[in-house]
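> Let me begin by handing over the structure; questions about it come next.
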Amino acid sequence: MQLSSSLLENAVNEFAKLPGIGKKTALRLVLHLLKQEEDHVHVFSDSIREMRAGVKFCRRCHNISDGEVCSICESPTRKQRVICVVETIRDVIAIESTQQFNGTYHVLGGVISPLDGIGPDNLHIDSLIERVEKEQTEELIFALNPNIQGDTTIYYIQKKIHHLPCKITTVARGIAFGGELEYADEITLGRSLANRLPIESYMKPM
Ligand SMILES: [Zn+2]
């Protein structure tokens, strides 16, 4: 793409680095911003800069947060002894939008995947086990993507905490095997949470 301004070209190249944005879409967005009042564009760029500089991760659940501890972990109306284990922050947002869950979360930051070089030490697994031990967790709900890596991760964590008096469940298989949690519709995701299964029946071979 040949553009008459190198400044325009730089901006287009930066937008095109975003996921799902090609060069043409990037150009459309940049030209849209150019048409806006300068103040509006500053608000836009400042919000990105401030987000990057100011956003923290909750030291308890690793969810995105404005402070040291996130609003979900601090909420007195949520069941603090129920933990929903997810891979990413996007999964927290997906489950929150179902309005079916009133516990807390634990964001692992991925799943065990030896082929990709991701082992238990690369994930927030130790802090999860520590939480279950210290917080007298009553239930751990696994809401990982239904695939081999997700199952391996559940199995690994379950082995580490099976001696503790904590009920372990997983979301039901309402989501297609090999699918992605964040793309499931709200009804499927909500029902999966409502109909969660005991770990024994989930791991049982068919
Ligand atoms: Zn938190």
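Bear in mind that the values in this text are calculations on the coordinates, not laboratory data. If you're wondering where the values come from, they're calculated on a predicted model, not measured in any experiment. A quick note on method: Cβ atoms are made from the backbone with ideal geometry, for glycine too, and the neighbour counts reach across all protein chains shown.
> Given 0.36 nm per residue, what is the gain on full extension from residue 25 to residue 49 after removing their alpha carbon distance, in nm? Write out the running numbers ahead of the final one.
Working: separation 24, 0.36 × 24 = 8.64 nm, distance 2.19 nm.
Result for the pair: 6.4 nm of gain on full extension.
> Let me ask something else. For a quick check: with amide H placed at 1.01 Å from N, whose amide H comes under 5 Å from residue 112's, ignoring anything fewer than 5 positions away on the same chain?
Long-range HN contacts for residue 112: 153.
> As a check on your grasp of the helix formula, calculate [θ] at 222 nm for the chain: sum -39500 (n - 2.57) over DSSP H runs of n ≥ 4, divide by the residue count, round to the nearest 500. Intermediate results must be reported in sequence, preceding the final value.
Details: 9 runs with 89 residues, N = 206.
Helix-only estimate at 222 nm: -12500 deg cm²/dmol.
> Using θ = phi - 60° and the Karplus relation 6.51 cos²θ - 1.76 cosθ + 1.60, list the HN-Hα couplings for segment 4-14 in order, rounded to whole Hz, with x at every Gly or Pro.
Listing the rounded values in order: 7, 10, 6, 5, 4, 4, 4, 5, 4, 4, 5 Hz.
> Filter the trypsin sites (Lys or Arg not before Pro) in segment 1-42 down to the DSSP loop ones having no more than 16 other Cβ atoms within 10 Å, then list what survives. Write out the running numbers ahead of the final one.
Values: sites: 17, 23, 24, 28, 35; in loops: 17.
Counting only loop positions with at most 16 other Cβ atoms within 10 Å, the trypsin sites (Lys or Arg not before Pro) in segment 1-42 are 17.
> Can you tell me the orientation of helix 23-35 relative to the chain, as the angle in degrees between its alpha-carbon axis and the longest Cα principal axis, to the nearest 10?
60
> Which angle between 0 and 90 degrees, to the nearest 10, do you get for helix 148-161 versus the longest principal axis of the chain when only C-alpha atoms count?
Taking the Cα atoms of the chain, the angle to 148-161 is about 50 degrees.
> Then there is this: Test of understanding: extend the Cα→C-beta vector of residue 100 to 7 Å, then name every residue of segment 134-156 with backbone N under 16 Å from that spot.
Under cut-off, by backbone N: 141-146.
> Turning to a different aspect of this structure: Kindly rank 156-163, 58-65 from highest to lowest mean number of other beta carbons found within 10 Å of each residue.
So the order, starting with the most tightly packed, is 58-65, 156-163.
> Can you pull out the GluC sites (Glu not before Pro) in segment 31-103 whose DSSP state is coil and whose Cβ has at most 12 other Cβ atoms within 10 Å?
Values: sites: 37, 38, 50, 68, 74, 87, 96; in loops: 37, 68, 87.
Here the sparse-neighbourhood loop sites are 37, 68.
> Taking the Cα-to-Cβ direction at residue 147 and at residue 185 and moving 7 Å from each Cα, how far apart do the two end points lie in nm?
2.3
> Which value, in debye to the nearest 20, describes the size of the charge dipole of the chain about its Cα centre when Lys and Arg Cβ atoms bear +1, Asp and Glu Cβ atoms bear -1, and nothing else is charged?
Using Cβ point charges on Lys, Arg, Asp and Glu, the chain gives about 440 debye.
> Here is a follow-up. For residue 24, give me every one of the aspartates and glutamates with a C-alpha distance below 14 angstrom, ignoring sequence neighbours fewer than eight places off in its own chain.
9, 14
> So, one more: Tell me the Kirkwood hydrodynamic radius of the chain in angstroms, computed as one over the mean inverse distance between distinct C-alpha pairs.
19.3
> For segment 6-54, what Kirkwood radius comes out of the mean inverse Cα-Cα distance, in Å?
Hydrodynamic radius (Kirkwood, Cα pairs) of segment 6-54 is 11.5 Å.
> Excluding same-chain residues fewer than 8 positions from residue 56, which lysines have a Cα within less than 29 Å of its Cα?
List returned: 17, 79, 134, 160.
> If you don't mind, another one. Tell me, what HN-Hα J-couplings in whole Hz come from the Karplus equation 6.51 cos²θ - 1.76 cosθ + 1.60 at θ = phi - 60° for each residue of segment 40-53, using x for Gly and Pro?
5, 5, 5, 4, 4, 5, 5, 4, 5, 4, 5, 4, 5, 7
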